[in-house]
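Report on one structure; see the data block that follows.
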């Protein structure tokens, strides 16, 4: 529990504050162990004794969200928002609206003024929720475009949101019928997802018919330890082959002392001969054709766009499908 949460609990009597804190810690531990129902039960006990503490209502809302109790999560997160004045729960609240079968209300939260106050990570999460809401409404092309407009999608460096963003984009591509591009982006999500936050490997296997164990080796995703065993077996085989080669080489080497001494004398003569200094090149050797980087790739690298992201990053022309009916009725200038 962080210092800010402890500061909020100081308004309670010591014994009660300790009780509430213990349940909040237990709820957080249960979530980390992927036991959302147990986390929700601990959080509800904390709410029973400290329902007017913002950090408590936040913890209950998050636990309820992970447990699939979207109505309860929405109520607690609204209370936490009133108590703390923070808008950081907005993406989860919008996703709760989706869970309740109300994607239109989720989009209302996406377009709210409060959404403009979110930090970059919050806005990315909100874009992911918006893409899902548009899929719920059958707006599959708009769901793709929503995430294409997120600049961080082109960032090749791993960020806290990279796995979720790549997975959401792949999911939107698959729903829109772009299966080849979706497979590429599920593969990218796997590469980013070191903690198993998404099920990108399963989705990739579904689209390509691949085996998840093989994919883990290809993308260095070692969850079961099988790849380590395979590496050890390969190393053992290579060691045996190396020993066999060494024995054959030893048999072919000269064994008589005369041959060895003759080689030594020849070596002495070669060492005594004066060495000619190697001429220094007057110009730098020309780069090979394979080493030449096209200007277009240089420009992409300068803009932070990795070449690996190019083929799967489609730019379909669907018109401005993100505008609502009221926007489409406006006269164009």
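What ranking of 60, 110, 25 emerges when the number of other C-beta atoms within 10 Å of each C-beta is taken as an exposure proxy, fewest first?
Starting with the residue having the fewest Cβ neighbours, the order is 25, 110, 60.
May I ask you to compute the full-extension gain from residue 194 to residue 86, defined as 0.36 nm times their residue separation minus their alpha-carbon distance, rounded to one decimal in nm?
Net length gain for the segment: 35.9 nm.
How high is the relative contact order of segment 1-92, in percent, with contacts defined as C-alpha pairs under 8 Å that are six or more residues apart?
Computed value for segment 1-92: 22 percent relative contact order.
Run the simple label-point estimate for residue 41 and residue 29 please: 7 Å along Cα→C-beta, distance reported in nm.
Going from the residue 41 label point to the residue 29 one covers 1.5 nm.
By counting other Cβ atoms within 10 Å of each Cβ, how are 141, 195 ranked from fewest to most?
By the 10 Å Cβ count, ascending: 195, 141.
Counting pairs of alpha carbon atoms under 8 Å apart in space and at least six apart in sequence, what relative contact order in percent does segment 3-176 give?
The normalised contact order for segment 3-176 reaches 12 percent.
Multiply the residue separation of residue 137 and residue 16 by 0.36 nm, subtract the distance between their alpha-carbon atoms, and state the gained length in nm to one decimal.
Computed gain between residue 137 and residue 16 is 38.9 nm.
Can you figure out the FRET efficiency of residue 71 with residue 6, using R₀ = 35 Å and their beta-carbon distance, to the nearest 0.05?
After rounding to 0.05, the efficiency reads 0.75.
Can you put 167, 49 in order, fewest other beta carbons within 10 Å first?
Result, fewest neighbours first: 49, 167.
Each reported figure results from applying straightforward, stated rules to the coordinates on display, with no laboratory input. Computed from a predicted structure; not experimentally measured. Backbone-built Cβ (ideal geometry, glycine too); neighbour counts: all protein chains shown.
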